[in-house]
Structures are given as C-alpha cells and as structure tokens.
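First comes the structure, then the notes that go with it.
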Amino acid sequence: MERPLTQHITFPPLEIRQYEAIGGYQAVRKAVRHMQPQEVTALVKESNMKGRGGAGFSTGMKWSFVPMDVPGPKYLVANADEMEPGTFKDRWLLEGNPHQLLEGMIVAAYAIQATEAFVFLRWAYKDAAIAVRKAIAEAYDAGYLGKDILGTGYSLEMHLHTGVGRYMCGEETALLNSLEGKRATPRAKPPFPQISGLFGKPTIVNNVETLSFIPHIVNKGADWFKSLSRSADGGTKIYGVSGRVNKPGAWELPMGITMRELMEEYAGGMKNGFGFRGVLPGGASTDFLIEKHMDITLDFAGVAAAGSRLGTGTMVVLDDQTCPVGFVHNLEHFFAQESCGFCTPCREGLPWTEKLLWAIEQGRGRDEDLALLLRHTEWLGPGNTFCALAPGAMEPLQSALKYFRDDFERHIREHRCPYHDPVPAAPASAHLHHTHHL
C-alpha cells in the first residue's frame, strides 16, 4: 500500500538536503522548467483530486477559475488553521514534513501564476510554526523561493502567518479578512476568492493535505494518483479516529475504505467495557452515523449517501457510557463561542441552542424544548447564514435528535442526566424561559 503523504514523515522533520535526497523539489523543477501553468492545472484536474479541507471540491477545477490574463499580483494561501474539533491530520503533515507542503505550494502557485504565498497557521501549533519557518528559510537559500526560481524567470515570495485562535478563520473568506488585518468575518459570494480574494486580487485557498499531494501528482501522474483509491475520488486520505477506541490516531489509507475497516483494523475497535453508539465521520460539524452505517465507504459520495459528510475524514466516536446530550452540548458550546457574530441566525441561534441543551442536561428540560431544538436546525441550516459555521453546528444536533431521541426524552422525563449522578432539582424560576433573552 503506497502512502505518499506520510512515508517520509519524521520527527524532527527532514532538512532540505535530506528531502532532496528522496526526490524532494523534483516536482518544482519539472513544473517550472518543463510545464506550462495550464498544464499543471489540467493534470491536477485529471487526477480527480478533491480538496481535503472538508468541502471536497475538485482542486484542479478550483484553480481553473483563476483568470490568467489580469494584471497585478495573485495569491496562494495554505489553510493550516486546523481548529475543527476532533481533527488533527494537518498537524501531522506540518510537523513531520513541512517541505512537502512548501513544494506543493510552489507548484500550485506556479499553476495560477501567483506571486506571493502564505501559510495561515493555527496559533496553537507552536512546533509546526518552528518547522515551517525553518523550511521556508531553507527553501529560500536553495533557490526554490524568491526571485527567478531555478533561473526560469518565475518568482514567488512565501510567508508564515499565525492566526489568533478563531475557528472562524477556517472559512476561506474569513481567513482572507484576517490575513488583511480585519475582523475574521465571512465575505458575501460572489465574487469568489478565485476572482477577488486577498486584497481584492485572484486568490486560491487550499488545505494543507490538499497541497501536500501536488508534488506526487506532478511526479507520478494522474493515473497513478487515481490508482491509489478504491473510489472515483482520487488518491489516499489521512483518516483519523478519536474517542474510546483501543488505538486512536491517524493513518494514510486508500480513499474509499469502509468505516468498519478503519474502526476495527486500524483503530482496534472499542475499548473493553465500552460499546459503540455513533460517530461523527468528518469532525465535529458532521452528522452522526450509527452501527447500520459501518460498511459505508469513506469517500465523499459514500458518506453523503448515508446522510453525513466526509469532511476532514477524522472520526469522533461516541460510546455507550457518554451522554449524547452532554456530548452535543459540548460541541454547541464551542460553536456558540466561535461564532463571529456577523449574521443573526448564528449569533443568536447558537447561544439559544447551547442553553437549551444545557437545561436538558441539567434536568430542567421541557417536552417543547425538543421541538424548539429541531426548529433551530432548520433556522440555522444551509442558506440562512453567511457561511457554513452554523449549518455545520446543526449537523451533530439534528442527527442526535434523530438517532438518540430516547436519551433526550429520558433527560426531560427523569429531570436529570441518566448517565451521571442525579443533580438537585432546580427551582421553577431557574428554568430557561423561551420568551426571555439569553
């Protein structure tokens, strides 16, 4: 089984001469010396490479939207702001092989004729910042960055930018606003960043995992990349599993393996004494899947057909001794905190949702709360907000209400969380009144 992304991960990571010794930067030499920019884009498009940041859009198609005949600068941004709860795949790549990312960025920048590139890094990834900063300096010294790269006339400047710790910056237009020094709020689309992005210029934003694949596609071709997969989506995928499993972690595997394979063969199944209840297949902002879904293929179409999203491909497992209401409340608390406040449904609706769940978890829930929560999943759903933060936050909630409704009803009926010691009954005045502001 080929694992192009992770086969050369080391801690500490390879220095540039070591990376070159295993074939590093050959894709840069091939692309800038022997390929036209449009050829690089066409190759990536042919490979069926879909973005690994969560949306699953064709990478080559995205690049093709950049106008090549406009004057002025263009930009490439690596989205390394990995703040989706339960997701940790990009950290592995950043800390273990930063030159692979930089090489992919240089090739991608050449394909769209970008003149400047940025790595937008999560503030908490301190070790990754050290590794990326060192790799950028080494790439400059070796002539892969800067003016007149390899004597071809193509020039590219690259910068590391660390964010200030907002989940909102994972949304590409909010990321661009933050990179410009503005408040991290989403932009209206259109225009899309490929036309008017950073500083109003054509910009491509791609995920770390996506860009790290580019050197391998350029070196080995589209057919090779497609052959790595078991599905129509090309390549391998870094899948992750967290929760009460025997071997939590991350693995690079063929795109399209089944969830049962990932859970049982790689994550080692559930720990002794714990049973499986459900899983968020692609990070915190995806719908729960349950036991009947264990044999689905973990690709974009397979997970969508089951009613969820592949997202980042990093699974968060719910066991039978963890309260589903408390589990979802914890997620909604995070999303409510991380709302940028730009649009009313997200700014007002997420705190309502979080406090309703907290009331139910504390034994103060009412029967009508479940209907109100369900309405929130509609009011905060797709098409009602500026970006995908609130719709993503509603995915674990709406699926929990579908699959674990008995748990919600038992909380309300027994006036306590059945997974924990009883809590003292709250006075009636302490109940969350729906007519009052929260």
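The values are calculated or read from the model by the stated rules, or taken from the named source; none is laboratory data. Predicted, not measured: the structure shown is a model, and the values here were computed from it. For neighbour counting, all protein chains shown are included, and Cβ atoms are generated from backbone atoms with ideal geometry for every residue, glycine included. The area values use the complete protein model at the heavy-atom level, side chains included, leaving out ligands, DNA and RNA. Shrake-Rupley method; radii C 1.70, N 1.55, O 1.52, S 1.80 Å.
Values computed for the structure shown
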read-out: Residue in region 366-376 that is farther than 23 Å from Ala267 by Cα, basic (Lys, Arg), surrounded by fewer than 24 Cβ atoms within 10 Å (Cβ to Cβ) and in contact with a helix residue (DSSP H, G or I) (Cβ under 7 Å, 6 or more places away or on another chain) present; value: yes
read-out: Which listed residue is touching a residue at least 40 places away in the same chain (Cβ under 8 Å) and either hydroxyl-bearing (Ser, Thr, Tyr) or surrounded by 20 or more Cβ atoms within 10 Å (Cβ to Cβ) (or both), from Pro73, Pro67, Pro4; value: Pro4
read-out: Any hit, region 233-241, residues being in a helix (DSSP H, G or I) and open to solvent by less than 30 Å² (accessible area, probe 1.4 Å); value: no
read-out: Looking only at region 201-231, and only at residues there that are touching a residue at least 40 places away in the same chain (Cβ under 8 Å) and among the aromatic types (Phe, Trp, Tyr), the one that is farthest from Thr314 (Cα to Cα); value: Phe225
read-out: Set Thr41, Thr10: member being touching a helix residue (DSSP H, G or I) at 6+ places or on another chain (Cβ under 8 Å), over 19 Å from Leu228 (Cα atoms) and not assigned by TED's automatic domain parsing to the domain that holds Ile217; value: Thr10
read-out: Candidates Leu289, Leu310, filtered to the one that is open to solvent by less than 50 Å² (accessible area, probe 1.4 Å) and in contact with a Phe, Trp or Tyr (Cβ under 8 Å, 6 or more places away or on another chain); value: Leu310
read-out: Counted residues, region 206-232 - those being touching a helix residue (DSSP H, G or I) at 6+ places or on another chain (Cβ under 6 Å) and open to solvent by 10 Å² or more (accessible area, probe 1.4 Å); value: 1
read-out: Residues of region 178-200 that turn out to be touching a residue at least 40 places away in the same chain (Cβ under 8 Å) and open to solvent by 70 Å² or more (accessible area, probe 1.4 Å), as a count; value: 4
read-out: Test result for Val279, part of a helix (DSSP H, G or I), at pLDDT 95 or above and either surrounded by 19 or more Cβ atoms within 10 Å (Cβ to Cβ) or on the phi > 0 side of the Ramachandran plot (or both); value: no
read-out: Set Glu332, Glu338: member being open to solvent by less than 20 Å² (accessible area, probe 1.4 Å), acidic (Asp, Glu) and not assigned by TED's automatic domain parsing to the domain that holds Arg244; value: Glu332
